[in-house]
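Trainee: Below is a structure I'd like to ask you about.
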Amino acid sequence: MTQDTLEKQQQLHSLAHLGPICALKCLNNELILAGDGPVLKIYNYSTSQLVFQRQIFARNKIHEICLSNKNPSNNDDPILAIFGGRSLSIVKLSALKSSSTPIKELFAGDWIMATEFSHDKKELYCLTAHNNVTIIDLTSMKLKEVLNCNWKSILYSGSIRVLSDDKILVCAGTVMDGVLIWDLKSREVVHHLTAHEGSIFGVKASENGKYLLSCSDDRSIKVWDLQDGGRLVANGWGHGARIWFLDFYGFTKDGGFHVFSASEDCTTRIWRFDVGNENLNQLSIMNCHTGRNIWSGCVNDELKLGFTGGADGKLKVYDLNEQGRQGYLNEKWSLKQIGEAADVAFAKDEIIKEYFDLGNGFVGISSLGKVLVCQKFVQWKFLFEDSRYTTFSLVRGFENQRIAAISNKEGNITLLKFDADCNLVHKNELKVDSLSRVNNLITLYNEGRYFFILESPNPNDFLLLKEIDNNLTVINEFKFVKPKEKVVIASFNINSKLENIIIGCRFGIVLMYDLSGHDNTAAIEPSLCHKKYIKGDTITSIKTLSKKDQTYLLTMKDSGYYVIQISSLPDLIVLEDNKIQKGFVDGGFYSPDADLILYGFKSDYFFIWNETQQFEIMRKICGGPHRQWSLAHHYEGSNLRYRFIFTRSSDIELVQNGKFSHPDVLATGLHGREIRDMSVVATKNPTKKLLITGSEDTTIKVSTLTNDGNAKLHWSQRQHGSGTIPVEVVN
Amino acid sequence: MGKSSKDKRDLYYRKAKEEGWRARSAFKLLQLNEQFELFKGVKRVVDLCAAPGSWSQVLSREIFKDENNSDAKIVAVDLQPMSPIDHVTTLQADITHPKTLEKILDIFEGGKADFVCSDGAPDVTGLHDLDEYIQAQLILSALQLATCVLKEGGAFVAKIFRGRDIDLLYSQLGLLFDKVICAKPRSSRGTSLESFIVCLGYKPRAGWNPKLNPNLSTEEFFQEMKIGRPELHDDLSFDAEERKVAPFIACGDLATSYDSDATYTLEKDLQRTSLDPVQMPTAPPYKKALELKRKGELKIIK
């Protein structure tokens, strides 16, 4: 080996960049370009694969990518203008992809705010920070001229809209002077828009040049009509911090359109502008990034997809057409509408008290004991009336199994079975006499077996566990002695071999009963009753993680979750103890890709949250907790299908997402704030290492680091109250 | 200065209120003066980006302490309005505008300034490269005015953030001053990138008479001055800019000054007294957004 090659081999070279994503642009209907620091990455957003990456600038971050070809379904070889800070590169896509072609870094005279290709694609316009436009001749790659409008304000934002060969609008967002719109050919200021307070952080003209969107330090989005003297036509208020990205999409025939925005507050919002309405109406809000700042975004109007890139390095995909997807449902019924549809007369003040989602419809009971079913979630049908279920009733069931159970205080239990069209096909009655009163019924379907627990408020009563078969006949019964301390149960899990049952209660109490060797008659004493290990409020759900290791996931009402192990009774080992950023956790499950999904309420909305990858899957404003609700879910491939039913001021509302064939996330990223320290640990697999990072955002994250320099996030630990500093591996 | 922000629980914040300073940054100028004797023999001072006015307060108190200085003149300039300060003429004006320069020179009755300072900083976005660029532009605007009003040998002090490209600025300032020092007062938090560039001994560029021109941007102004700002070339090539390291000095007496990153126990009788800010904060641009949120008017319509 020569000295030269030895030296080459010993040199450090960079493998990958993980950091804020400051630029995004759809290349076509499959590929998206992302500026990750100085590195340009190309992801396939059908498969979520990273297909290409190359460092463009020596030091500067990529702030924006501009394409000569605006139509995403066109697969030509477009020219890319990539810029960030004072650096600019102009390169054909094919040349970018050929690693033997060097990429030249150019200087356009100052910090670049925006670039755009001329109508004939022979020139590139670069708007720079002092409101000059540098024109570059693309044939000779030489400077042509520098134009200005004689107003040299310093800019915080800008964009250029080419309407025709000689109609080019320069939109300049200034630090002090509002928005300046000037005509590049005449160099005259056409509009000076001053209704914003503070610096302008974003300004963009619509494709036809009629509307202008802008945002500023005042946190509002403004819509201006440039064909009507630059009149301010609408305001959008809602973002809780500065807005870093906004764009138009979804123009409708009536002249209205949608706006997609992203902000420092880590939320992405969808807005609707209607001609004549001075409010830009906020249609939805999503919280999918962590830390602080979503820096970049883009929209594929054809596929109705939105994308955002955050300071956390996450690249998130959004469905901008949820309502249009196959299977989407959004229903709302008042009691009057239900009565008319099911041809049943409700009394004054009668309400639907409880309901259960059967998978192909849902069954509900009124406060006077009327049992109804909503088939396929559209058609209401009256089943029967049972006066025993007046005033107090509980409706539970077995998830996706089309079996429901109704109970009253006196222990009368009606079991109902439905067929594939949600018609009632079988009914069975049970009577429980051994409890002084039934005030709780909890059900569980596990590997083909149907279990339920009945509880009374009397501490001297037993807890009753029953198992029924597919014909609604009781096939197993157990009696459990309650522990000395008062318990109120909330959740349970049982292994299918009937060895033991684990019960979650209020105040973090975990109960376990050993079922093996017991017959159905003797009362069983608890083999474990732990209060001290699990801190917090109600244990809302218990999921088995590993049957072999006896590990369980426990979700806690007060925003936490635990992973515990009960391998050698009576000991309980807490393996993980974590919190989510906010809200009540009412339950959780794992996705087919082993992501932990949690759901619950936060202020006035219900959320489903991907805890592993740290993003909101859904958010539905429902008025907050303290209401009747139900969540059903299943996976189609790796896509989660959910249905959320809730009651709001005696109306029943239902929202079900449709088929969305794109991945939710293209890159998971890490922290959205400064990373203060990190440790790398070798694993048994030589191609993977464990990366542990601690950040200013107070979390510690665990990721796998692969040999190609990419990281995949697994765990975000929230325990510290302030920014963490040292991260040291203990063992 | 507000009352309850987490960042403000240090002793300088409390001391500033006790001593009647409008902002805790007053201590930074006091400590810089201790180190560099900036106010010695100074008669004409320009304080740029002065609001809310704590540096002007320091200048006024320290310079007018000396009876010989009763004829001294201090001009404070800011785009924001500022409440009056003794011995200070406040101008609500744009520092890049030639009219502002005229006004200052009028107040100085034709004389040139001994000292120009600027504690200005833009609202940071969090995008470090952009923040650094905007801050550099602010320093250049201050420097642009300074080159027009400073007498030969005068001093210039400005707030900087020690970012990635700060070495370029050191090199460019080095062409205009005898000495360029990067100073960090103890009252400036160690966790912050903030420092102060202290430029001593102004030496005007030979054969060049600086003039403010509203048609020239700050970039263009310094292009003409040839201090090594990057230039636009026909072939769009990048200039290799000269980078330089400035000597770094920490200032503020270790024995008598406080550490801004430390927590101190207050004397017993002071512990529960909350002091009102000397100057109430001005309305932020997002005031309306806050009001709407408070009223619950930011609802989703669906």
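Trainee: Students often get this wrong, so check it: of B:K103/B:K203; A:K427/A:K543; A:K348/A:K376, which have C-alpha atoms separated by over 25 Å?
Mentor: Over 25 Å Cα-Cα: A:K427/A:K543; A:K348/A:K376.
Trainee: Additional query: A:K332 to A:V425: FRET efficiency via 1/(1 + (r/R0)^6), r the Cβ-Cβ distance, R0 30 Å, to the nearest 0.05?
Mentor: 0.55
Trainee: Quote the Stokes-Einstein diffusion coefficient, in whole µm² s⁻¹, for the stretch A:279-350, based on the Kirkwood radius over alpha carbon pairs, a temperature of 10 °C and a viscosity of 1.306 mPa s. All intermediate terms of the calculation are to be shown ahead of the outcome.
Mentor: On the way: Rh = 16.1 Å.
D = 99 µm²/s.
Trainee: Give me the Kirkwood hydrodynamic radius of the protein assembly as shown in Å, from all C-alpha pairs, to one decimal place?
Mentor: Details: mean 1/r = 0.0304 Å⁻¹.
Value: 32.9 Å, from the Cα pair sum.
Trainee: How high is the relative contact order of the stretch A:675-718, given as a whole-number percent (alpha carbon pairs under 8 Å, six or more residues apart)?
Mentor: Details: 84 pairs, mean separation 13.1, N = 44.
Over the stretch A:675-718, the number comes to 30 percent.
Trainee: Quick one: compute the contact order of chain A, relative version, from alpha carbon pairs under 8 angstrom and 6+ residues apart, as a percent.
Mentor: 7 percent
Trainee: Moving on. If the cut-off is a Cα-Cα distance under 13 Å, which aspartates and glutamates reach A:K531, setting aside same-chain residues fewer than 8 apart in sequence?
Mentor: Cross-link targets: A:E485, A:D571.
Trainee: Additional query: Whole angstrom only: what separates the Cα centroid of the stretch B:156-170 from the Cα centroid of the stretch A:224-296?
Mentor: 37 Å
Trainee: Next question. For the stretch A:17-250, give me the percentage of DSSP beta bridges that are antiparallel, rounded to the nearest 5 percent.
Mentor: Details: 77 of 77 bridges.
Counting only bridges with both partners in the stretch A:17-250, antiparallel ones make up about 100 percent.
Trainee: Past the 23 Å Cα-Cα mark, which pairs from A:K41/A:K142; A:K370/A:K479; A:K314/B:K288; A:K142/A:K204; A:K582/A:K701?
Mentor: A:K41/A:K142; A:K370/A:K479; A:K314/B:K288; A:K142/A:K204
Trainee: Would you mind giving the three semi-axes, in whole Å and largest first, of the ellipsoid equivalent to the stretch A:675-718 according to its Cα gyration tensor? Intermediate results must be reported in sequence, preceding the final value.
Mentor: On the way: eigenvalues 78, 17, 15 Å².
The answer is 20, 9, 9 Å, longest axis first.
Trainee: Turning to a different aspect of this structure: Nearest 100 Å² is fine: what is the total accessible surface buried where chains A and B meet, probe 1.4 Å?
Mentor: Using a 1.4 Å probe, the pair buries roughly 4200 Å².
Trainee: Let me ask something else about it. R0 = 22 Å: FRET efficiency of A:D571 with A:H518, Cβ-based, nearest 0.05?
Mentor: About 0.55, to the nearest 0.05.
Trainee: Over chain B, what percent of the accessible surface lies on carbon and sulfur atoms, probe 1.4 Å?
Mentor: 49 percent
Trainee: Let me ask you something else. Cut-off under 14 Å on the C-alpha distance; same-chain residues fewer than 8 positions from A:K316 excluded. Which aspartates and glutamates are left, in chain and number order?
Mentor: Partners found: A:D36, A:E616, A:D664.
Trainee: Rg and Dmax of the stretch B:6-294, using alpha carbons, in Å: what are they?
Mentor: In Å, with Rg to one decimal and Dmax whole: 19.6, 70.
Trainee: Let me ask something else. Between B:R162 and A:R718, how many nm apart are label points set 7 Å from Cα along the C-beta direction?
Mentor: Once both label points are built, they end up 3.5 nm from each other.
Trainee: Name the helices (complete DSSP H segments) of chain B with a Cα length along the long axis of 30 Å or more and a Kyte-Doolittle mean of at least 1.6, or state none.
Mentor: Helix filter hits for chain B: none.
Trainee: Based on alpha-carbon centroids, what's the gap between the stretch A:132-179 and the stretch B:84-124 in Å, whole number please?
Mentor: Comparing the Cα centres of the stretch A:132-179 and the stretch B:84-124, I get a distance of 32 Å.
Trainee: Okay, next question. Given 0.36 nm per residue, what is the gain on full extension from A:D254 to A:D343 after removing their alpha carbon distance, in nm?
Mentor: Here the answer is 28.1 nm.
Trainee: With the contact rule set at Cα under 8 Å and sequence spacing of 6 or more, what percent relative contact order holds for chain B?
Mentor: Relative contact order comes out at 20 percent.
Trainee: While we're on this one: How far is the Cα center of the stretch A:393-419 from the Cα center of the stretch A:639-661, in Å?
Mentor: About 22 Å separates the Cα centre of the stretch A:393-419 from the one of the stretch A:639-661.
Trainee: If I take R0 = 22 Å and measure r between the Cβ atoms of B:N215 and B:D239 in this structure, what FRET efficiency does the formula 1/(1 + (r/R0)^6) give, to the nearest 0.05?
Mentor: The calculated FRET efficiency here is 0.40.
Trainee: Check the straight Cα-Cα distances from B:K293 and name the aspartates and glutamates below 20 Å, setting aside those fewer than 8 residues away within the same chain.
Mentor: A:E197, A:D217, A:D218, A:E264, A:D265, A:E278, A:D604
Trainee: Same structure, new question: Of the beta bridges DSSP finds with both residues in the protein assembly as shown, what % are antiparallel, to the nearest 5?
Mentor: 90 percent
Trainee: At 0.692 mPa s and 37 °C, plugging the Kirkwood radius over alpha-carbon pairs of the stretch A:17-250 into Stokes-Einstein gives what diffusion coefficient in µm²/s?
Mentor: The diffusion coefficient I find is 180 µm²/s.
The values are calculated or read from the model by the stated rules, or taken from the named source; none is laboratory data. Note that this is a predicted model, so its numbers are computed, not measured. In this analysis, Cβ positions are derived from the backbone assuming ideal geometry, glycine residues included, and neighbour counts consider all displayed protein chains. To get the accessible areas, we keep the full protein, side chains included, count just its heavy atoms, and leave off ligands, DNA and RNA. Shrake-Rupley method; radii C 1.70, N 1.55, O 1.52, S 1.80 Å.
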